[in-house]
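Here the structure comes first, spelled out in structure tokens, and everything after it is commentary.
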Amino acid sequence: MKDISQVYFRTQEKKKRKNELSKMIRDELSHNGEYQQLTEELRILRDKRKSIENGVRADLSDAGEIDVLKMEIGAAQELMSDIALTMYASGQTVEIRDDELGVRMTPVFSVRFRKENIESDRP
């Protein structure tokens, strides 16, 4: 098995190279007049679309309910994740069957790393 630190540092090198290449592309695009013109037209169209959307939302009395539903859905999904993790940790089979859609769903777990200052580990 490879050392996790070695994999991390190789990944960091690749991210750095990717960022360098992306910056080069952005620099080239910033000097391209046609690209700049299209970007400005897109910005104007996005603003216009947003204005129309906001007007429609303001006219609908149920539009405020969307935000409430988004929050409730997020809370329910977080609860499902907590329940699934608890079931998995206790050795139970974790699955959801939706017969209406004809699907079976199983959880996908992932690991993420959070940056912390090394000084915080010192006494």
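Enumerate the pairs (first residue in segment 35-55 and assigned to a helix (DSSP H, G or I); second residue anywhere and modelled with pLDDT of 95 or more) with beta-carbon separation below 6 Å, excluding pairs fewer than 6 apart on the same chain, so at least 6 apart or on different chains.
Going by the 6 Å Cβ cut-off, the qualifying pairs are 35/29.
Residue 97: in a strand (DSSP E or B) and modelled with pLDDT under 95, yes or no?
In short, yes.
Could you check residue 104 against (1) surrounded by 10 or more Cβ atoms within 10 Å (Cβ to Cβ); (2) more than 19 Å from the chain's Cα centre (by Cα); (3) part of a helix (DSSP H, G or I) and say which number it fails?
Going through (1) surrounded by 10 or more Cβ atoms within 10 Å (Cβ to Cβ); (2) more than 19 Å from the chain's Cα centre (by Cα); (3) part of a helix (DSSP H, G or I) one by one, residue 104 breaks only (3).
Looking at the structure I just gave you, is residue 85 modelled with pLDDT of 95 or more and either out of contact with any Pro (no Cβ under 9 Å at 6 or more places or on another chain) or of a type in the set (A, V, I, L, M) (or both)?
So residue 85 fails the test.
The values are calculated or read from the model by the stated rules, or taken from the named source; none is laboratory data. What you are looking at is a predicted structure, and each value in this text was computed from that prediction instead of being measured. Every residue, glycine as well, gets a Cβ built from its backbone with ideal geometry; the counts of neighbours run over all protein chains shown.
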